[in-house]
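Participant: This is the structure I want to talk about, given as C-alpha coordinates.
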Amino acid sequence: MDMTDPASLATERKAFYEAIASYSMTPLWEVLHALVPPSPATPCQPALWKYADVRPYLMRAGQLITAEEAVRRVLILENPALRGQSCITQSLYAGLQLILPGEVAPSHRHTQSALRFVVEGNGAYTAVDGERTHMAPGDFIITPSWTWHDHGHQGAVEADAPVVWLDGLDIPMLRFFDAGFAENGTAKQQVVTKAEGLSRHRYGANMLPVRYDAPFGQTSPIFSYPYERTREALFELETHAEIDAWDGAKLRYVNPASGGSPMPTMATFMQRLPAGFAGKPYRQTDGAVFSVVEGSGSVTLSRNDQLWTFEFGPRDHFVIPSWHTAQLHSMQGCVLFSFSDRPVHQALGIHKEDRLP
Ligand code: 1HN
(Lines give C-alpha, C1' and ligand atoms only; values in the text may rest on other atoms or scores of the structure.)
Protein backbone atom coordinates (compact mmCIF):
# COMPACT_ATOMS: atom_id res chain seq x y z
CA MET A 1 0.00 0.00 0.00
CA ASP A 2 1.32 3.40 -1.00
CA MET A 3 0.49 5.72 1.92
CA THR A 4 1.61 8.74 -0.12
CA ASP A 5 -0.89 8.15 -2.92
CA PRO A 6 -4.24 9.72 -1.87
CA ALA A 7 -6.28 7.60 -4.30
CA SER A 8 -4.97 4.26 -3.16
CA LEU A 9 -5.12 5.36 0.49
CA ALA A 10 -8.81 6.27 0.05
CA THR A 11 -9.48 2.86 -1.51
CA GLU A 12 -7.69 1.07 1.34
CA ARG A 13 -9.59 3.04 3.97
CA LYS A 14 -12.91 2.31 2.32
CA ALA A 15 -12.13 -1.41 2.27
CA PHE A 16 -11.10 -1.17 5.92
CA TYR A 17 -14.37 0.55 6.91
CA GLU A 18 -16.33 -2.17 5.11
CA ALA A 19 -14.32 -4.88 6.86
CA ILE A 20 -14.97 -3.51 10.34
CA ALA A 21 -18.62 -2.75 9.50
CA SER A 22 -19.48 -6.45 9.64
CA TYR A 23 -18.30 -6.42 13.26
CA SER A 24 -20.55 -3.42 14.05
CA MET A 25 -17.67 -1.02 14.27
CA THR A 26 -17.06 2.33 12.63
CA PRO A 27 -14.15 4.80 12.71
CA LEU A 28 -14.57 7.75 15.02
CA TRP A 29 -12.37 10.01 12.89
CA GLU A 30 -15.00 10.10 10.15
CA VAL A 31 -17.70 11.43 12.51
CA LEU A 32 -15.76 13.16 15.30
CA HIS A 33 -16.46 16.69 14.09
CA ALA A 34 -20.20 16.09 13.86
CA LEU A 35 -20.27 14.39 17.27
CA VAL A 36 -18.67 17.34 19.03
CA PRO A 37 -19.52 20.39 16.91
CA PRO A 38 -17.99 23.78 17.68
CA SER A 39 -21.46 25.03 18.66
CA PRO A 40 -24.84 23.27 19.11
CA ALA A 41 -25.91 21.95 15.71
CA THR A 42 -29.60 21.24 16.15
CA PRO A 43 -31.53 19.57 13.34
CA CYS A 44 -34.58 21.53 14.57
CA GLN A 45 -35.94 24.40 12.57
CA PRO A 46 -37.69 27.52 13.81
CA ALA A 47 -41.41 27.24 13.08
CA LEU A 48 -44.62 29.19 13.58
CA TRP A 49 -48.19 27.85 13.80
CA LYS A 50 -50.72 30.63 13.21
CA TYR A 51 -53.86 29.89 15.19
CA ALA A 52 -56.06 31.04 12.30
CA ASP A 53 -54.52 28.24 10.21
CA VAL A 54 -54.62 25.59 12.93
CA ARG A 55 -58.01 26.18 14.53
CA PRO A 56 -60.25 25.08 11.61
CA TYR A 57 -58.43 21.72 11.52
CA LEU A 58 -58.76 21.30 15.28
CA MET A 59 -62.51 21.93 15.00
CA ARG A 60 -62.69 19.49 12.09
CA ALA A 61 -60.95 16.89 14.27
CA GLY A 62 -63.76 17.54 16.75
CA GLN A 63 -66.24 16.35 14.12
CA LEU A 64 -64.19 13.35 13.03
CA ILE A 65 -63.42 11.72 16.37
CA THR A 66 -64.62 11.98 19.95
CA ALA A 67 -62.24 12.71 22.82
CA GLU A 68 -63.03 9.28 24.22
CA GLU A 69 -62.27 7.37 21.03
CA ALA A 70 -59.09 9.36 20.46
CA VAL A 71 -58.18 9.03 24.18
CA ARG A 72 -56.53 12.40 23.66
CA ARG A 73 -57.77 14.43 20.67
CA VAL A 74 -54.59 16.29 19.84
CA LEU A 75 -52.94 17.70 16.76
CA ILE A 76 -49.21 17.34 17.36
CA LEU A 77 -47.05 20.35 16.52
CA GLU A 78 -44.18 18.62 14.75
CA ASN A 79 -40.96 20.38 14.03
CA PRO A 80 -40.89 20.66 10.21
CA ALA A 81 -37.37 19.23 10.20
CA LEU A 82 -38.34 16.26 12.40
CA ARG A 83 -41.57 15.09 10.76
CA GLY A 84 -42.78 11.69 11.92
CA GLN A 85 -41.01 11.90 15.26
CA SER A 86 -43.84 13.51 17.27
CA CYS A 87 -41.62 16.23 18.64
CA ILE A 88 -41.21 19.98 18.41
CA THR A 89 -37.58 19.91 19.56
CA GLN A 90 -35.31 16.89 20.03
CA SER A 91 -36.37 16.69 23.69
CA LEU A 92 -39.89 18.14 23.78
CA TYR A 93 -43.34 17.21 22.55
CA ALA A 94 -46.07 19.80 21.92
CA GLY A 95 -49.64 19.48 20.73
CA LEU A 96 -52.97 21.27 20.75
CA GLN A 97 -55.76 19.37 22.48
CA LEU A 98 -59.49 19.92 21.96
CA ILE A 99 -62.31 18.97 24.29
CA LEU A 100 -65.99 19.69 23.64
CA PRO A 101 -68.97 20.01 26.02
CA GLY A 102 -70.01 16.70 27.54
CA GLU A 103 -66.80 14.93 26.58
CA VAL A 104 -64.36 13.03 28.76
CA ALA A 105 -60.73 12.22 27.97
CA PRO A 106 -60.38 9.01 29.99
CA SER A 107 -58.19 8.50 33.02
CA HIS A 108 -54.67 7.17 32.59
CA ARG A 109 -51.17 7.76 33.90
CA HIS A 110 -47.67 7.67 32.50
CA THR A 111 -44.11 8.36 33.49
CA GLN A 112 -43.98 11.30 31.08
CA SER A 113 -44.65 14.66 32.75
CA ALA A 114 -47.16 16.98 31.10
CA LEU A 115 -48.01 20.63 31.20
CA ARG A 116 -51.20 22.22 29.92
CA PHE A 117 -51.40 25.82 28.87
CA VAL A 118 -54.99 26.88 28.20
CA VAL A 119 -55.41 28.59 24.85
CA GLU A 120 -59.17 29.16 24.51
CA GLY A 121 -62.57 28.38 25.97
CA ASN A 122 -64.13 27.77 29.33
CA GLY A 123 -65.95 24.94 31.06
CA ALA A 124 -63.28 22.24 30.97
CA TYR A 125 -61.48 20.73 33.91
CA THR A 126 -58.54 18.47 34.43
CA ALA A 127 -58.32 16.06 37.35
CA VAL A 128 -55.02 15.02 38.91
CA ASP A 129 -54.86 12.46 41.71
CA GLY A 130 -58.43 13.03 42.86
CA GLU A 131 -58.47 16.83 42.61
CA ARG A 132 -60.14 18.74 39.82
CA THR A 133 -59.14 22.16 38.58
CA HIS A 134 -61.09 24.20 36.07
CA MET A 135 -59.22 25.48 33.05
CA ALA A 136 -59.33 29.11 31.98
CA PRO A 137 -57.34 30.76 29.19
CA GLY A 138 -53.78 31.54 30.31
CA ASP A 139 -53.79 29.00 33.15
CA PHE A 140 -50.74 26.77 33.47
CA ILE A 141 -51.57 23.29 34.76
CA ILE A 142 -49.27 20.37 35.60
CA THR A 143 -49.77 16.63 35.34
CA PRO A 144 -46.91 15.17 37.40
CA SER A 145 -45.23 11.95 36.28
CA TRP A 146 -47.24 8.80 37.10
CA THR A 147 -50.34 10.62 38.40
CA TRP A 148 -53.82 9.59 37.27
CA HIS A 149 -55.36 12.26 35.08
CA ASP A 150 -58.48 12.77 33.03
CA HIS A 151 -60.05 15.79 31.40
CA GLY A 152 -63.66 16.72 30.94
CA HIS A 153 -65.96 19.49 29.78
CA GLN A 154 -69.08 20.32 31.75
CA GLY A 155 -69.88 23.57 29.98
CA ALA A 156 -72.92 24.44 27.93
CA VAL A 157 -72.98 23.88 24.19
CA GLU A 158 -72.24 27.36 22.93
CA ALA A 159 -70.30 28.90 20.11
CA ASP A 160 -67.28 29.47 22.34
CA ALA A 161 -67.55 26.10 24.02
CA PRO A 162 -64.55 24.35 22.51
CA VAL A 163 -61.69 24.29 24.98
CA VAL A 164 -58.21 24.11 23.51
CA TRP A 165 -54.95 23.86 25.35
CA LEU A 166 -51.29 23.40 24.54
CA ASP A 167 -49.84 20.13 25.83
CA GLY A 168 -46.12 20.11 26.56
CA LEU A 169 -44.57 16.76 27.45
CA ASP A 170 -41.08 15.36 27.94
CA ILE A 171 -41.94 12.37 25.71
CA PRO A 172 -38.79 12.50 23.53
CA MET A 173 -36.59 12.64 26.64
CA LEU A 174 -38.20 9.60 28.18
CA ARG A 175 -38.05 7.85 24.84
CA PHE A 176 -34.31 8.58 24.76
CA PHE A 177 -33.93 6.97 28.19
CA ASP A 178 -36.31 4.10 27.28
CA ALA A 179 -38.22 4.92 30.45
CA GLY A 180 -41.80 5.31 29.20
CA PHE A 181 -44.53 3.40 31.05
CA ALA A 182 -48.29 4.01 30.86
CA GLU A 183 -51.39 2.51 32.43
CA ASN A 184 -55.11 2.98 31.77
CA GLY A 185 -57.54 3.65 34.59
CA THR A 186 -60.24 1.09 35.37
CA ALA A 187 -62.87 3.84 35.34
CA LYS A 188 -63.27 6.49 32.65
CA GLN A 189 -63.09 9.23 35.23
CA GLN A 190 -61.27 9.08 38.51
CA VAL A 191 -63.18 9.57 41.73
CA VAL A 192 -62.92 13.13 43.02
CA THR A 193 -61.61 12.91 46.59
CA LYS A 194 -60.44 16.46 47.21
CA ALA A 195 -62.03 19.90 47.14
CA GLU A 196 -61.14 22.03 44.13
CA GLY A 197 -58.34 24.43 45.03
CA LEU A 198 -57.09 22.34 47.98
CA SER A 199 -53.54 22.03 46.67
CA ARG A 200 -53.37 25.76 45.97
CA HIS A 201 -54.48 26.54 49.52
CA ARG A 202 -52.12 24.00 51.03
CA TYR A 203 -49.02 24.79 49.00
CA GLY A 204 -49.67 27.99 47.06
CA ALA A 205 -50.12 30.72 49.68
CA ASN A 206 -46.38 31.25 50.18
CA MET A 207 -46.69 28.72 52.96
CA LEU A 208 -46.14 24.98 53.22
CA PRO A 209 -47.33 22.26 55.58
CA VAL A 210 -45.01 22.05 58.60
CA ARG A 211 -44.11 18.49 57.69
CA TYR A 212 -44.00 18.89 53.93
CA ASP A 213 -44.79 15.60 52.26
CA ALA A 214 -43.77 16.27 48.61
CA PRO A 215 -46.82 14.48 47.18
CA PHE A 216 -45.37 14.48 43.65
CA GLY A 217 -41.67 14.05 44.38
CA GLN A 218 -39.63 16.71 42.60
CA THR A 219 -42.71 18.05 40.83
CA SER A 220 -44.57 21.04 42.24
CA PRO A 221 -47.40 20.19 44.65
CA ILE A 222 -49.39 23.04 43.04
CA PHE A 223 -50.83 21.76 39.83
CA SER A 224 -52.70 24.84 38.67
CA TYR A 225 -51.19 28.31 38.31
CA PRO A 226 -54.07 30.62 37.29
CA TYR A 227 -53.41 33.33 34.73
CA GLU A 228 -55.09 36.02 36.84
CA ARG A 229 -52.28 35.99 39.39
CA THR A 230 -49.49 35.68 36.83
CA ARG A 231 -50.91 38.52 34.77
CA GLU A 232 -51.25 40.85 37.72
CA ALA A 233 -47.64 40.22 38.74
CA LEU A 234 -46.29 40.93 35.26
CA PHE A 235 -48.33 44.09 34.69
CA GLU A 236 -47.29 45.44 38.09
CA LEU A 237 -43.66 44.69 37.22
CA GLU A 238 -44.07 46.43 33.89
CA THR A 239 -45.31 49.55 35.68
CA HIS A 240 -43.04 49.59 38.70
CA ALA A 241 -39.83 47.72 37.93
CA GLU A 242 -36.95 47.92 35.52
CA ILE A 243 -37.66 46.07 32.27
CA ASP A 244 -35.04 43.56 31.14
CA ALA A 245 -33.58 44.60 27.79
CA TRP A 246 -33.67 41.00 26.46
CA ASP A 247 -36.77 39.50 28.08
CA GLY A 248 -39.08 42.37 29.03
CA ALA A 249 -40.75 41.50 32.35
CA LYS A 250 -40.19 37.74 32.57
CA LEU A 251 -40.85 35.39 35.47
CA ARG A 252 -40.36 31.66 35.80
CA TYR A 253 -42.93 29.42 37.45
CA VAL A 254 -41.60 27.59 40.52
CA ASN A 255 -42.13 24.58 42.68
CA PRO A 256 -42.68 26.53 45.91
CA ALA A 257 -41.15 23.75 47.99
CA SER A 258 -37.83 23.74 46.16
CA GLY A 259 -37.58 27.04 44.31
CA GLY A 260 -36.79 24.92 41.25
CA SER A 261 -38.80 24.35 38.11
CA PRO A 262 -42.37 23.06 38.43
CA MET A 263 -41.34 19.76 36.83
CA PRO A 264 -37.93 18.11 36.86
CA THR A 265 -37.74 18.04 33.06
CA MET A 266 -39.47 21.25 31.99
CA ALA A 267 -39.23 24.93 32.92
CA THR A 268 -42.10 27.30 32.26
CA PHE A 269 -42.10 31.05 31.90
CA MET A 270 -44.42 33.98 31.35
CA GLN A 271 -43.24 37.33 30.06
CA ARG A 272 -44.71 40.71 29.33
CA LEU A 273 -43.23 42.79 26.54
CA PRO A 274 -44.31 46.40 27.01
CA ALA A 275 -45.64 48.39 24.07
CA GLY A 276 -42.77 49.57 21.88
CA PHE A 277 -40.41 46.85 23.18
CA ALA A 278 -37.41 46.10 20.94
CA GLY A 279 -35.49 43.32 22.66
CA LYS A 280 -31.76 42.73 22.44
CA PRO A 281 -30.61 39.45 20.85
CA TYR A 282 -30.00 36.33 22.95
CA ARG A 283 -29.40 32.64 22.47
CA GLN A 284 -29.76 29.67 24.79
CA THR A 285 -28.97 25.98 24.62
CA ASP A 286 -32.53 25.11 25.65
CA GLY A 287 -34.92 25.22 22.72
CA ALA A 288 -38.21 26.83 23.77
CA VAL A 289 -41.86 26.58 22.73
CA PHE A 290 -44.00 29.73 22.91
CA SER A 291 -47.74 30.30 23.20
CA VAL A 292 -48.94 33.86 22.63
CA VAL A 293 -51.47 34.86 25.28
CA GLU A 294 -52.29 38.49 24.54
CA GLY A 295 -51.19 41.20 22.16
CA SER A 296 -48.95 40.92 19.14
CA GLY A 297 -45.33 41.20 18.15
CA SER A 298 -42.59 39.53 16.20
CA VAL A 299 -39.52 37.42 16.73
CA THR A 300 -36.46 37.55 14.52
CA LEU A 301 -34.29 34.44 14.55
CA SER A 302 -30.89 33.81 13.08
CA ARG A 303 -28.47 30.91 12.93
CA ASN A 304 -25.31 30.98 10.79
CA ASP A 305 -26.49 32.83 7.67
CA GLN A 306 -30.17 31.89 7.92
CA LEU A 307 -32.81 34.35 9.01
CA TRP A 308 -36.45 33.98 10.06
CA THR A 309 -39.07 36.55 11.07
CA PHE A 310 -42.35 35.47 12.63
CA GLU A 311 -45.20 37.90 13.22
CA PHE A 312 -47.40 36.62 16.02
CA GLY A 313 -50.77 37.36 17.60
CA PRO A 314 -52.98 35.75 20.26
CA ARG A 315 -52.92 31.90 20.38
CA ASP A 316 -50.14 31.59 17.82
CA HIS A 317 -47.37 29.12 18.68
CA PHE A 318 -43.72 29.11 17.71
CA VAL A 319 -40.50 27.31 18.52
CA ILE A 320 -37.04 28.79 19.02
CA PRO A 321 -34.55 25.91 18.64
CA SER A 322 -31.31 25.61 20.60
CA TRP A 323 -28.68 28.28 19.97
CA HIS A 324 -30.71 30.27 17.47
CA THR A 325 -30.26 33.96 18.15
CA ALA A 326 -33.65 35.49 18.99
CA GLN A 327 -34.88 39.03 19.23
CA LEU A 328 -38.38 39.88 20.46
CA HIS A 329 -40.30 42.95 19.38
CA SER A 330 -43.71 44.27 20.26
CA MET A 331 -45.30 47.52 19.12
CA GLN A 332 -48.61 46.84 20.82
CA GLY A 333 -47.29 45.00 23.88
CA CYS A 334 -47.86 41.29 24.46
CA VAL A 335 -47.77 38.40 26.93
CA LEU A 336 -45.91 35.19 26.06
CA PHE A 337 -45.94 31.81 27.78
CA SER A 338 -43.01 29.49 27.07
CA PHE A 339 -41.52 26.19 28.16
CA SER A 340 -38.20 24.46 27.65
CA ASP A 341 -36.00 21.61 28.88
CA ARG A 342 -33.77 24.01 30.84
CA PRO A 343 -33.92 22.11 34.18
CA VAL A 344 -32.23 19.15 32.53
CA HIS A 345 -29.49 21.35 31.06
CA GLN A 346 -28.98 22.85 34.50
CA ALA A 347 -28.95 19.49 36.27
CA LEU A 348 -26.23 18.39 33.85
CA GLY A 349 -24.31 21.65 34.20
CA ILE A 350 -24.46 22.32 30.46
CA HIS A 351 -26.89 25.23 30.24
CA LYS A 352 -25.47 28.16 28.31
CA GLU A 353 -26.95 31.52 27.52
CA ASP A 354 -25.56 34.51 25.62
CA ARG A 355 -27.17 37.87 26.14
CA LEU A 356 -25.78 39.76 23.16
CA PRO A 357 -25.38 43.53 22.84
C1 1HN B 1 -51.43 12.65 27.32
O2 1HN B 1 -51.65 11.83 28.33
C3 1HN B 1 -52.12 13.85 27.20
O4 1HN B 1 -53.22 13.56 29.27
C5 1HN B 1 -51.87 14.70 26.15
O6 1HN B 1 -53.92 15.11 27.98
C7 1HN B 1 -50.96 14.40 25.19
C8 1HN B 1 -49.37 12.83 24.28
C9 1HN B 1 -48.73 11.65 24.33
C10 1HN B 1 -48.93 10.77 25.37
C11 1HN B 1 -49.81 11.09 26.38
C12 1HN B 1 -53.16 14.20 28.23
C13 1HN B 1 -50.28 13.18 25.26
C14 1HN B 1 -50.50 12.30 26.32
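Participant: Which of the residues belonging to the stretch 234-259 are in contact with a strand residue (DSSP E or B) (Cβ under 8 Å, 6 or more places away or on another chain) and without any contact (Cβ under 8 Å) to a residue 12 or more places away in the chain?
Facilitator: Within the stretch 234-259, A241, D244 qualify.
Participant: A follow-up question, please. Take the conditions within 18 Å of R72 (Cβ to Cβ), in contact with a Pro (Cβ under 8 Å, 6 or more places away or on another chain), of a type in the set (G, A, S) and surrounded by 21 or more Cβ atoms within 10 Å (Cβ to Cβ) and apply them to G121. Does it pass? It would help to see each step written out before you state the result.
Facilitator: Working: within 18 Å of R72 (Cβ to Cβ): yes; in contact with a Pro (Cβ under 8 Å, 6 or more places away or on another chain): yes; of a type in the set (G, A, S): yes; surrounded by 21 or more Cβ atoms within 10 Å (Cβ to Cβ): yes.
Against the criterion (within 18 Å of R72 (Cβ to Cβ), in contact with a Pro (Cβ under 8 Å, 6 or more places away or on another chain), of a type in the set (G, A, S) and surrounded by 21 or more Cβ atoms within 10 Å (Cβ to Cβ)), G121 qualifies.
Participant: Suppose we keep only residues that are among the β-branched types (V, I, T) and surrounded by fewer than 19 Cβ atoms within 10 Å (Cβ to Cβ) within the stretch 97-118. Which one would you say is farthest from A179 (Cα to Cα)?
Facilitator: Filtering the stretch 97-118 for residues among the β-branched types (V, I, T) gives 99, 104, 111, 118.
Then keep just the ones that are surrounded by fewer than 19 Cβ atoms within 10 Å (Cβ to Cβ); that gives 104, 111.
Working: V104: 27, T111: 7 Å.
That would be V104.
Participant: Confirm whether T265 is in contact with a His (Cβ under 7 Å, 6 or more places away or on another chain) and touching a residue at least 60 places away in the same chain (Cβ under 8 Å). So that I can check it myself, show each step before the final result.
Facilitator: Values: in contact with a His (Cβ under 7 Å, 6 or more places away or on another chain): no; touching a residue at least 60 places away in the same chain (Cβ under 8 Å): yes.
In short, no.
Participant: Mind counting the residues in the stretch 145-162 that are within 12 Å of the ligand (Cβ to nearest atom) and not charged (D, E, K, R)?
Facilitator: Just the residues of the stretch 145-162 that are within 12 Å of the ligand (Cβ to nearest atom), to begin with: 145-152.
Checking the rest, the ones that are also not charged (D, E, K, R) come to 145-149, 151-152.
Total satisfying the criteria: 7.
Participant: State which residue pairs qualify: first residue over 30 Å from A41 (Cα atoms) and within 14 Å of the ligand (Cβ to nearest atom) and inside the stretch 87-106, second residue among the polar types (S, T, N, Q) and in a loop (DSSP other than H, G, I, E, B) in any location, beta carbons under 9 Å apart, and separation of 6 or more residues or different chains.
Facilitator: As it stands, the answer is E103/T66; V104/Q189; P106/Q189, since those pairs meet every condition given.
Participant: Would you check if there is a residue in the stretch 169-179 being in a strand (DSSP E or B) and within 16 Å of the ligand (Cβ to nearest atom)?
Facilitator: For the stretch 169-179, residues in a strand (DSSP E or B) and within 16 Å of the ligand (Cβ to nearest atom): present.
Participant: Now, a different point. Which of the residues that make up the stretch 181-211 are part of a loop (DSSP other than H, G, I, E, B), of a type outside the set (D, E, K, R) and surrounded by 13 or more Cβ atoms within 10 Å (Cβ to Cβ)?
Facilitator: Applying the first criterion (part of a loop (DSSP other than H, G, I, E, B)) to the stretch 181-211 yields 181, 185-197, 204-211.
Filter again for of a type outside the set (D, E, K, R), leaving 181, 185-187, 189-193, 195, 197, 204-210.
Once the filter is applied, which keeps residues that are part of a loop (DSSP other than H, G, I, E, B), of a type outside the set (D, E, K, R) and surrounded by 13 or more Cβ atoms within 10 Å (Cβ to Cβ), the stretch 181-211 yields G185, Q189, Q190, G197, G204, L208.
Participant: Another question about this same structure. Look at the stretch 91-147 and say how many of its residues are assigned to a loop (DSSP other than H, G, I, E, B) and not charged (D, E, K, R). Before the answer, list the steps.
Facilitator: First pass over the stretch 91-147, keeping only residues assigned to a loop (DSSP other than H, G, I, E, B): 91-92, 100-103, 111-113, 121-123, 129-130, 135-139, 144-147.
Retained after the next criterion (residues that are not charged (D, E, K, R)): 91-92, 100-102, 111-113, 121-123, 130, 135-138, 144-147.
The total comes to 20.
Participant: Out of all the residues in the stretch 110-138, which are under 23 Å from H201 (Cβ atoms), aliphatic (A, V, I, L, M) and away from the ligand (no atom under 13 Å from the Cβ)?
Facilitator: Once the filter is applied, which keeps residues that are under 23 Å from H201 (Cβ atoms), aliphatic (A, V, I, L, M) and away from the ligand (no atom under 13 Å from the Cβ), the stretch 110-138 yields only A136.
Participant: Do the conditions hold for T265, that is, is it surrounded by fewer than 19 Cβ atoms within 10 Å (Cβ to Cβ) and either among the hydrophobic types (A, V, I, L, M, F, W, C) or modelled with pLDDT of 95 or more (or both)?
Facilitator: Numbers: surrounded by fewer than 19 Cβ atoms within 10 Å (Cβ to Cβ): no; either among the hydrophobic types (A, V, I, L, M, F, W, C) or modelled with pLDDT of 95 or more (or both): yes.
For T265, the condition - surrounded by fewer than 19 Cβ atoms within 10 Å (Cβ to Cβ) and either among the hydrophobic types (A, V, I, L, M, F, W, C) or modelled with pLDDT of 95 or more (or both) - is not met.
Participant: Right, something else. Name the single residue that is farthest from the chain's Cα centre (by Cα) among those in the stretch 221-242 being within 18 Å of S338 (Cα to Cα) and in a loop (DSSP other than H, G, I, E, B).
Facilitator: That would be P226.
Participant: Still on this model: Considering only the stretch 74-96, how many residues are surrounded by fewer than 23 Cβ atoms within 10 Å (Cβ to Cβ) and either among the polar types (S, T, N, Q) or closer than 15 Å to H151 by Cα (or both)?
Facilitator: 4
Participant: Residue under question is A70, and the condition is that it be out of contact with any His (no Cβ under 9 Å at 6 or more places or on another chain), closer than 30 Å to P314 by Cβ and modelled with pLDDT of 95 or more; does it hold? Can you show your working first?
Facilitator: On the way: out of contact with any His (no Cβ under 9 Å at 6 or more places or on another chain): yes; closer than 30 Å to P314 by Cβ: yes; modelled with pLDDT of 95 or more: yes.
So A70 fits the description; yes.
The values are calculated or read from the model by the stated rules, or taken from the named source; none is laboratory data. This structure is a prediction, so every number in the text was calculated from the model and none was measured. For neighbour counting, all protein chains shown are included, and Cβ atoms are generated from backbone atoms with ideal geometry for every residue, glycine included.
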